[in-house]
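So the structure is just underneath, and the comments pick up after that.
The values are calculated or read from the model by the stated rules, or taken from the named source; none is laboratory data. Just so we're clear, the structure is a prediction, and the values are computed from it rather than from any experiment. Quick reminder, even Gly has a Cβ in these numbers, built from the backbone with ideal geometry, and neighbours come from all protein chains shown. The accessibility values were calculated without ligands, DNA or RNA, using every heavy atom of the protein model including side chains. Shrake-Rupley method; radii C 1.70, N 1.55, O 1.52, S 1.80 Å.
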Amino acid sequence: MRKLLISTVAAAAVLAAGSAQAADKLKIGFMATLEGTYTVLGEDGQRGFQVAMKEAKAMAGGREIEVIVGSSDASPDSALRAARKLVEQDKVDIIIGPLSGSEGIAIRDYSKTQPQVTFINGISGAQETTYVTPSENFFRFNMDGAQWSAGLGKYVFEEKGYKTVATIGEDYSFIYTQVFGFALEFCGAGGQITERLWVPLGTKDFASIIASLPDDVDAIYLGLGGGDAVNFLNQYQQAGGDAKLIGGTIMIDGTVLSSKGKAKDALIGTPGSGPQADTWDNEKWQAFVKTYQDAFPPEKRFPSPSLLATGYYNAFNAMKTCMDKIGGELGDGHKALRQCLATLELDAPNGKIKLDSNRQAIGTNFVTEVVEENGNLVNKLVKIIPDVNQTLGIDPEVFKTVGLPSRDVPECKKY
């Protein structure tokens with residue numbers, strides 16, 4: 001009888017402990033670039049996160065969510081400082097972030113030292129983050145920068161007739177990845193990249209770069225974003241520049257198209273590509289746009305969610321979907337959560353997303369052109385590229401021979 005009583009009390013204690021764990025707040029660390037040249041990108045990423053939080057009523061898996069914000073400036077060191085505080089001082093369960101490419105590589109490496117925390121990428125897009133030495137507790141529900149270039153190289157070569165191109169890009173991992181994807185396709189179609197120019201992140205004065213732009217190319221590819229993109233456009237117009245332009249993903253995103261002043265008008269007619277298209281008539285996408293618009297006063301948001309807002313919205317919803325599925329339990333080293341994330345097919349506003357064996361997104365890409373619509377600049381849908389994987393449809397063994405994205409990789413040739 002005494003044994004039975006002890007067993008009953010022990011079982012009750014275990015059940016009570018399990019209920020207490022489920023009732024504890026779920027601590028999520030939110031990381032984005034809320035400082036520096038990419039501040040405007042981070043702010044819209046935060047808006048996307050807030051929209052998802054509001055839809056979820058700040059609950060996941062039956063647990064109230066407590067959010068702790070970590071701010072960075074797009075540098076790996078700042079991202080590491082933010083992550084260390086969130087993990088080691090604030091004791092978060094999950095991190096959603098970071099935003100910028102080299103930050104993502106740094107956080108992937110850090111995640112390997114913190115197996116008790118699950119990391120879900122915000123929107124950072126360097127290829128190496130998941131392609132090279134991936135981390136078992138780091139999941140990315142957005143495509144990388146090369147995947148975001150899918151379809152653009154062929155489009156500008158075959159449809160726009162651009163045979164020679166020069167590129168300008170910020171000198172760091174994400175833009176290397178963007179140019180990598182563009183070059184593989186453009187050069188594979190028969191195009192030539194005659195010159196690749198690189199500028200430091202946070203460049204204020206583009207005079208020397210503008211002066212050195214070649215005149216004998218059909219178009220210039222712009223791999224710039226945030227304050228750098230706006231500064232370049234202002235100075236390029238002042239210098240009388242009139243070349244045809246091709247936009248990298250964050251060059252033609254809403255974060256630039258909604259900037260103040262007339263310099264952005266130089267982008268009208270510019271082809272680009274990325275994980276969404278403003279004019280896509282898909283019902284789920286249009287519903288997300290309206291939800292985003294309704295969540296904030298017009299003066300405190302963009303006319304349409306940027307890709308940063310969409311990326312963080314998707315990352316949150318991947319987390320919530322799996323937390324709901326596992327009943328909020330994070331025992332056994334987050335095993336159930338991670339198994340769910342690895343096998344999840346997320347029905348996102350910008351198309352279905354699933355992960356490969358490296359926990360990297362396979363998704364839909366959109367080729368677009370910048371147009372003016374109702375007084376705003378938007379990305380008009382040109383073409384949809386479905387099921388884009390990290391090797392861009394190239395045989396994985398052949399893809400390995402290309403090398404990792406850098407200032408001069410890939411070579412401009414057909415692989």
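Got at least one residue in segment 262-283 being assigned to a helix (DSSP H, G or I), of a type in the set (Lys, Arg), more than 20 Å from residue 101 (Cβ to Cβ) and touching a residue at least 24 places away in the same chain (Cβ under 8 Å)? Step through it out loud before you land on a result.
Pass one, segment 262-283, residues assigned to a helix (DSSP H, G or I): 263-267, 283.
Filter again for of a type in the set (Lys, Arg), leaving 264.
Then drop every residue that is not more than 20 Å from residue 101 (Cβ to Cβ), which leaves 264.
Now narrow it down to the ones that are touching a residue at least 24 places away in the same chain (Cβ under 8 Å): 264.
Taking every residue of segment 262-283 in turn, at least one turns out to be assigned to a helix (DSSP H, G or I), of a type in the set (Lys, Arg), more than 20 Å from residue 101 (Cβ to Cβ) and touching a residue at least 24 places away in the same chain (Cβ under 8 Å).
Evaluating residue 411 against the criteria (1) part of a strand (DSSP E or B); (2) out of contact with any helix residue (DSSP H, G or I) (no Cβ under 7 Å at 6 or more places or on another chain) leaves one unmet condition, (1).
What residue, among those in segment 281-321 that are of a type in the set (A, V, I, L, M) and touching a helix residue (DSSP H, G or I) at 6+ places or on another chain (Cβ under 9 Å), is farthest from residue 382 (Cα to Cα)? Before you say what the answer is, go through the steps one by one.
Looking only at segment 281-321, we keep the residues that are of a type in the set (A, V, I, L, M), and these are 287, 289, 295, 307-309, 315, 318-319.
Narrowing the set further to residues that are touching a helix residue (DSSP H, G or I) at 6+ places or on another chain (Cβ under 9 Å) leaves 295, 307-309, 315, 318-319.
Working: 295: 29, 307: 17, 308: 21, 309: 22, 315: 26, 318: 28, 319: 32 Å.
Once the filter is applied, the top-ranked residue is 319.
Is it the case, given these coordinates, that residue 335 is at pLDDT below 95 and basic (Lys, Arg)? Here the answer is no, as residue 335 does not meet what is asked.
Residue by residue through segment 330-355, note down the ones that are closer than 30 Å to residue 280 by Cα and either open to solvent by 40 Å² or more (accessible area, probe 1.4 Å) or in a helix (DSSP H, G or I) (or both).
Residues of segment 330-355 closer than 30 Å to residue 280 by Cα: 340-355.
Answer for segment 330-355, where residues must be closer than 30 Å to residue 280 by Cα and either open to solvent by 40 Å² or more (accessible area, probe 1.4 Å) or in a helix (DSSP H, G or I) (or both): 340, 341, 342, 343, 345, 347, 352, 354.
Listed by first and then second residue, the pairs with beta-carbon distance under 7 Å, at least 6 apart or on different chains, first residue in segment 201-229 and under 25 Å from residue 157 (Cβ atoms) and open to solvent by less than 20 Å² (accessible area, probe 1.4 Å), second of a type in the set (Phe, Trp, Tyr) and assigned to a loop (DSSP other than H, G, I, E, B), are 219/162; 225/38. Looking across segment 24-71, the residues that are basic (Lys, Arg) and in a helix (DSSP H, G or I) come down to 47, 54. Considering only residues of segment 329-343 that are small (Gly, Ala, Ser) and under 26 Å from the mean Cα position of the chain (by Cα), which is farthest from residue 358 (Cα to Cα)? By that ranking, first place goes to 336.
Please state which one of 286, 237 is part of a helix (DSSP H, G or I), open to solvent by 50 Å² or more (accessible area, probe 1.4 Å), among the polar types (S, T, N, Q) and at pLDDT 95 or above.
Selected residue: 286, the only one of 286, 237 that is part of a helix (DSSP H, G or I), open to solvent by 50 Å² or more (accessible area, probe 1.4 Å), among the polar types (S, T, N, Q) and at pLDDT 95 or above.
The residue of segment 309-329 that is most open to solvent (accessible area, probe 1.4 Å), among those that are closer than 9 Å to residue 61 by Cβ and assigned to a helix (DSSP H, G or I), is 325. Annotation for segment 371-388: no member residue is surrounded by 18 or more Cβ atoms within 10 Å (Cβ to Cβ) and outside any strand (DSSP E or B).
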